[in-house]
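Only the coordinates and a few stated rules stand behind these numbers; no lab work does. Bear in mind that the values here come from a model prediction, so they are computed numbers and not experimental data. Quick reminder, even Gly has a Cβ in these numbers, built from the backbone with ideal geometry, and neighbours come from all protein chains shown.
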Amino acid sequence: MSEGKRVAVMVGSLRRDGYSSLLARALAALAPASLTLDIVSIRDLPLYDADLDDDPPEAYTLFRDAVRAADAVLFVTPEYNRSIPAPLKNAIDVGSRPYGQSVFSRKPAAVVSQSPGAMGGFGANHAVRQSLVFLNMPTLQQPEIYLAHSDALFDEDGAIAEEKTRQFLTQFLHAFEAWIARTGA
Ligand SMILES: Cc1cc2nc3c(=O)[nH]c(=O)nc-3n(C[C@H](O)[C@H](O)[C@H](O)COP(=O)(O)O)c2cc1C
């Protein structure tokens, strides 16, 4: 039996009950007992400014400490203008600095995107992946998750409505669990 692993979940949308938040909560509920998914808020992070690193704002420190304490990172994001929402990119930038002290380095990662549209946030998903290369985060490749028509995914309690979607997300979580173990995190 492997030890439990802590996964820091970064949600790309600030909308409190947006589809990304619902999806992040649904993934936390579906996760196997060996994975604990905790959402790390990116809401209060000031825009990254290297000058602030001389005396970092509390929000930077809290965020960096939360990611540092996790074994892995899961990004759950919508797509903004075919790319990554600015608050999520900002959080990535904050966590990656000061130079040489990135809290992301070598942590295993996975990326899930969603959109009410038909393409499931493919552009955002791959924009996140572009940063993960430079951040040196070994990233789960399969299964890829681009959840399309996300406005129809949830029941009135905010849970995933369809069993086949729950099964797909559960399969993804088991693959992520195996990936985390394989990286030795
Ligand atoms: C500034 C902005 C840009 C958007 N650009 C895209 C886009 O490029 N592709 C897409 O599929 N949806 C786009 N959308 C629609 C979002 O997918 C939709 O608002 C989604 O519900 C946002 O995620 P959330 O529910 O987690 O807040 C955009 C929305 C906003 C506010």
- How large is ³J(HN,Hα), in whole Hz, for each residue of segment 62-78 in order, when computed from phi with the Karplus curve 6.51 cos²θ - 1.76 cosθ + 1.60 and θ = phi - 60°, using x for Gly and Pro? 4, 5, 4, 5, 5, 6, 4, 6, 8, 8, 7, 10, 10, 9, 10, 9, x
- Query: What ranking do SER115, SER105, SER131 get, fewest neighbouring Cβ atoms within 10 angstrom at the top?
  - Reply: SER105, SER131, SER115
- Note on the structure: Between ALA161 and residues 5 or more places away or on another chain, the pairs with built amide H atoms under 5 Å apart involve PHE154, ASP155
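Using the number of other C-beta atoms within 10 angstrom as an exposure proxy, rank LYS107, LYS5 with the fewest first.
Details: LYS107 24, LYS5 20.
Arranged by neighbour count, lowest to highest, LYS107, LYS5 become LYS5, LYS107.
Please sort 163-172, 86-95 by packing, taking for each peptide the average over its residues of neighbouring beta carbons within 10 angstrom, highest first.
Details: 163-172: 14.1, 86-95: 20.4.
Top to bottom by mean Cβ count within 10 Å: 86-95, 163-172.
Restricting to the chain, what percent of DSSP beta bridges are antiparallel, rounded to 5?
Details: 2 of 21 bridges.
DSSP beta bridges in the chain are roughly 10 percent antiparallel.
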- Query: In the Gaussian network model of the chain, springs joining C-alpha atoms below 10 Å, which of ALA66, ALA118, ALA148 carries the largest mean-square fluctuation?
  - Reply: ALA118
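Test of understanding: express the Cα radius of gyration of segment 89-185 as a ratio to 2.2 N^0.38 Å, with N the residue count. Mind showing how you got there, number by number?
Details: Rg = 15.2 Å, N = 97, 2.2 N^0.38 = 12.5 Å.
Against the compact-globule rule of thumb, the ratio is 1.21.
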- Cα-based Rg and Dmax for segment 53-140, in Å, come out at 13.3, 44
- Message: Based on alpha-carbon atoms only, what is the radius of gyration of segment 5-182 relative to the globular estimate 2.2 N^0.38 Å?
- Response: 0.98
